[in-house]
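To start, the structure itself, in structure tokens.
The values are calculated or read from the model by the stated rules, or taken from the named source; none is laboratory data. A quick note: this is a predicted structure, and the numbers were derived from the prediction, not measured. Cβ: placed from backbone, ideal geometry, glycine included. Neighbour counts: every protein chain shown.
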Amino acid sequence: MKEYQSKNPYNGKVVQTYIQDNSSAIEEKLKKALAIESSWANKEIKARCELLTNVAELLIDRKEEYAELMTKEMGKPYSQGVSEIEKCAWACDFYALNAEDLLADEIIETDAAESFISHDPLGCILAVMPWNYPFWQVIRFAAPTLTAGNTALLKHAQNVTGCSLALEQLFLDAGYPEGCFQSLKAGHEDIEKLIANDGIKAVTLTGSEKAGKSIARTAGENLKKSVLELGGNNACIIWEDADLDYHIDTMVTARMQNTGQSCIAAKRFIVCEAVYDSFVEKFTKKVRSLKSGDPINKETFIGVMAREDLAEELQKQVDDSVKQGAQVILGNMRNGAYFAPTILTDVTIDMPVFKEETFGPVAAIIKAKNREDAIALAANSRFGLGSMLFTEDIDAAMNVISKIPDGAFFINDMVKSDPRLPFGGTKASGYGRELSREGILEFINKKTVYIKK
């Protein structure tokens, strides 16, 4: 019998001790999912949408409770936790309203009397999810996947097991049948066996590049579809005509929200030299004003990182970059899991803070000679999750969209996920899409139906 604990990263106190599921417990949960699979798939879409509306309402009713749980388990600032739950409800409302249209048969004119594409659910889908957005990452998978008629097993990060179990109870309380959505208290060693099981039809992972490669390898060996949303080192490009005063709050939020622990955060600020000094001054002033402290306080914007080892890893990336010539303008102070908001200038392309994903409140600022140089620097990345460009010259911005092969390109706003738009990356940031129409069709059998009379 294996035990593990979730700990509050702010004060080190144990939140809860859990007993890890053994192989028999995991098999039993899979059996439950398979037992409900047929009846759930045959349930009218309208009825499934009604249950999803129940989820949205419960999320709003419980947003303070869930926000506090996230704060305790992974240090999310409380007010940002409330916003996360509200966004989850938005996604549920979106699919509850639109799923029938998104899943409707697609009529194709052929020589047949009738031919169309039918959208059938695949079956039981395994989701492996991270700790940084404990509810949002799961809901943006579960809302479309369950509404499409699939069942789901969730293997969440162990430090947010409380959130994982709360999500399972949420769906039960909303009226979903037992076995439709279940939480696994499983270890990494159990996942390969589970993916190989014939009962699992596909797998999705949000996490690190290393984890993504492992999941993709196992899924491929077993001919299972996979969707991967991995890391990123998004560029925030500032051209010389950007309205810094108007957009500086957005730029700072793009890096520092969730204490910098976001795959789509702006991690590399690539600034045309004509406004470089002005940007550094305004950006630094704004970051200095961010309130750090106990994440349970509503006024706190910068809390602690989710675990101390993550803060240590970030410290090494910063230290190695400083050794290579980066200058510390602000921060670079660590106390346990707390990492002070940090700004580095004189960053070059060979430094860890340029090449790697920095998963914490560290902003790397790079000077570009001009617009063309800025775009080239932004495209110089192994990752491909998203980029953002700030400029008053919208026509010119539109002309460079294809020069950065990312999954998203935002002009005069931060990269963010939206239920109405597809979300996902390229290159080392993974493949497949979540949200929007693309998201609900990822775990669907697009069946060709041909009728000749």
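The table for this structure:
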item: Number of positions in the stretch 14-26 that are among the small types (Gly, Ala, Ser) and either surrounded by 14 or more Cβ atoms within 10 Å (Cβ to Cβ) or assigned to a loop (DSSP other than H, G, I, E, B) (or both); result: 1
item: So residue 303, is it modelled with pLDDT under 95, on the phi < 0 side of the Ramachandran plot, surrounded by 15 or more Cβ atoms within 10 Å (Cβ to Cβ) and in contact with a Ser or Thr (Cβ under 7 Å, 6 or more places away or on another chain); result: no
item: Hey, residue 296 at pLDDT 95 or above, in a strand (DSSP E or B), in contact with a helix residue (DSSP H, G or I) (Cβ under 6 Å, 6 or more places away or on another chain) and not assigned by TED's automatic domain parsing to the domain that holds residue 207 or not; result: no
item: Options 169, 182: the member that is in contact with an Asp or Glu (Cβ under 8 Å, 6 or more places away or on another chain) and over 28 Å from residue 352 (Cα atoms); result: 182
item: Residue in the stretch 283-291 that is surrounded by 16 or more Cβ atoms within 10 Å (Cβ to Cβ), of a type outside the set (S, T, N, Q) and out of contact with any helix residue (DSSP H, G or I) (no Cβ under 7 Å at 6 or more places or on another chain) present; result: no
item: Matching option when the condition is within 23 Å of the chain's Cα centre (by Cα) and on the phi < 0 side of the Ramachandran plot, among 209, 273, 221; result: 209
item: Spans of helices (runs of 4 or more DSSP H) in the stretch 27-106 with at least 2 residues surrounded by 16 or more Cβ atoms within 10 Å (Cβ to Cβ) and touching a Pro at 6+ places or on another chain (Cβ under 9 Å); result: 63-74, 78-102
item: Hits in the stretch 428-453 (condition: touching a Phe, Trp or Tyr at 6+ places or on another chain (Cβ under 6 Å) and under 20 Å from residue 232 (Cα atoms)); result: 428, 429, 434, 435
item: Strands (runs of 3 or more DSSP E) within the stretch 342-453 that include 2 or more residues within 26 Å of the chain's Cα centre (by Cα) and outside the structural domain of residue 307 (by TED's automatic domain parsing); result: 444-451
item: Residues of the stretch 323-347 that turn out to be among the β-branched types (Val, Ile, Thr) and either closer than 30 Å to residue 7 by Cβ or surrounded by fewer than 16 Cβ atoms within 10 Å (Cβ to Cβ) (or both), as a count; result: 3
item: Within the stretch 159-196, tally of residues that are of a type in the set (Gly, Ala, Ser), within 24 Å of residue 71 (Cβ to Cβ) and buried (at least 22 other Cβ atoms within 10 Å of the Cβ); result: 2
item: Search result, residues across the stretch 276-293 that are assigned to a helix (DSSP H, G or I) and within 24 Å of the chain's Cα centre (by Cα); result: 287
item: Criterion (in a helix (DSSP H, G or I), in contact with a strand residue (DSSP E or B) (Cβ under 8 Å, 6 or more places away or on another chain) and of a type outside the set (A, V, I, L, M, F, W, C)) met by exactly one of 179, 162; result: 162
item: Test: residue 226 is modelled with pLDDT under 95, surrounded by fewer than 24 Cβ atoms within 10 Å (Cβ to Cβ) and of a type outside the set (Asp, Glu); result: no
item: Residue match in the stretch 312-334 (condition: touching a Gly at 6+ places or on another chain (Cβ under 8 Å) and in a helix (DSSP H, G or I)); result: yes
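So that you can scan it fast, the table gives a plain yes or no per residue for (1) touching a residue at least 40 places away in the same chain (Cβ under 8 Å); (2) in contact with an Asp or Glu (Cβ under 9 Å, 6 or more places away or on another chain); (3) among the polar types (S, T, N, Q):
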position: 351; (1), (2), (3): no, yes, no
position: 357; (1), (2), (3): yes, yes, no
position: 365; (1), (2), (3): yes, yes, no
position: 378; (1), (2), (3): yes, yes, no
position: 384; (1), (2), (3): yes, yes, no
position: 399; (1), (2), (3): no, no, yes
position: 405; (1), (2), (3): no, no, no
position: 429; (1), (2), (3): yes, yes, yes
position: 450; (1), (2), (3): yes, yes, no
